[in-house]
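Asks: Quick one: structure below, then a few questions.
What follows is calculated from the coordinates using simple rules that are stated; it is not laboratory data. Since the model is a prediction, treat every value here as computed from it, not as a measurement. Note: ideal-geometry Cβ built from the backbone for every residue, glycine included; neighbour counts use all protein chains shown.
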């Protein structure tokens with residue numbers, strides 16, 4: 001089975017949409033440590049997005065509340081370098097991953113990392 005260029009664009013487009021969403025949160029900004037895109041709030045990383053030209057677009061977030069649920073999803077694993085022990089998960093983005101679920105995970109990670117008052121300003125989605 002061959003993969004067409006348009007099939008490969010979907011995860012890259014999802015990555016861009018998620019990164020744009022993350023840096024649109026209150027006081028969030030993009031930074032580039034290690035040559036990768038990360039979303040930070042007040043200097044603390046709340047989402048990893050790897051590199052834009054990477055072969056397999058992915059995302060890493062901190063999920064103190066929904067970690068077990070996230071890890072039960074296909075392709076979601078504890079983040080390496082000991083971060084998994086602190087609730088961080090990593091995933092390769094695929095067409096099958098709903099944007100809304102990933103957006104909610106970004107929100108949870110933001111609330112976990114941002115100062116409490118700032119994190120509370122982000123309304124929980126129902």
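Asks: From 98, 78, 33, grab the single residue that is touching a helix residue (DSSP H, G or I) at 6+ places or on another chain (Cβ under 9 Å) and on the phi < 0 side of the Ramachandran plot.
Replies: 78
Asks: Go through the residues of segment 14-35 one by one and say whether even a single one is over 25 Å from residue 118 (Cα atoms), over 13 Å from the mean Cα position of the chain (by Cα) and surrounded by 12 or more Cβ atoms within 10 Å (Cβ to Cβ).
Replies: no
Asks: Quickly run through segment 16-34 and pick out the residues that are part of a loop (DSSP other than H, G, I, E, B) and closer than 21 Å to residue 121 by Cβ.
Replies: 24, 25, 26, 27
Asks: Does residue 39 satisfy the condition of being surrounded by 21 or more Cβ atoms within 10 Å (Cβ to Cβ), in a helix (DSSP H, G or I), touching a helix residue (DSSP H, G or I) at 6+ places or on another chain (Cβ under 6 Å) and touching a residue at least 60 places away in the same chain (Cβ under 8 Å)?
Replies: So residue 39 does not fit the description; no.
Asks: When you check residue 89 against the structure, is it touching a helix residue (DSSP H, G or I) at 6+ places or on another chain (Cβ under 7 Å) and in contact (Cβ under 8 Å) with a residue 40 or more places away in the chain, yes or no?
Replies: no
Asks: Select the strands (runs of 3 or more DSSP E) contained entirely in segment 44-99, then report the ones holding at least 2 residues which are buried (at least 19 other Cβ atoms within 10 Å of the Cβ) and touching a strand residue (DSSP E or B) at 6+ places or on another chain (Cβ under 6 Å).
Replies: Correct list: 44-48, 58-62, 88-92.
Asks: Yes or no: residue 122 part of a loop (DSSP other than H, G, I, E, B), in contact (Cβ under 8 Å) with a residue 40 or more places away in the chain and under 16 Å from residue 28 (Cα atoms)?
Replies: Against the criterion (part of a loop (DSSP other than H, G, I, E, B), in contact (Cβ under 8 Å) with a residue 40 or more places away in the chain and under 16 Å from residue 28 (Cα atoms)), residue 122 qualifies.
Asks: While we're looking at this one, here's another question. In contact (Cβ under 8 Å) with a residue 12 or more places away in the chain and under 10 Å from the mean Cα position of the chain (by Cα) - does that describe any residue in segment 64-86?
Replies: no
Asks: Being touching a helix residue (DSSP H, G or I) at 6+ places or on another chain (Cβ under 8 Å) and exposed (fewer than 14 other Cβ atoms within 10 Å of the Cβ) is the filter here, so list the residues in segment 101-120 that pass it.
Replies: 120
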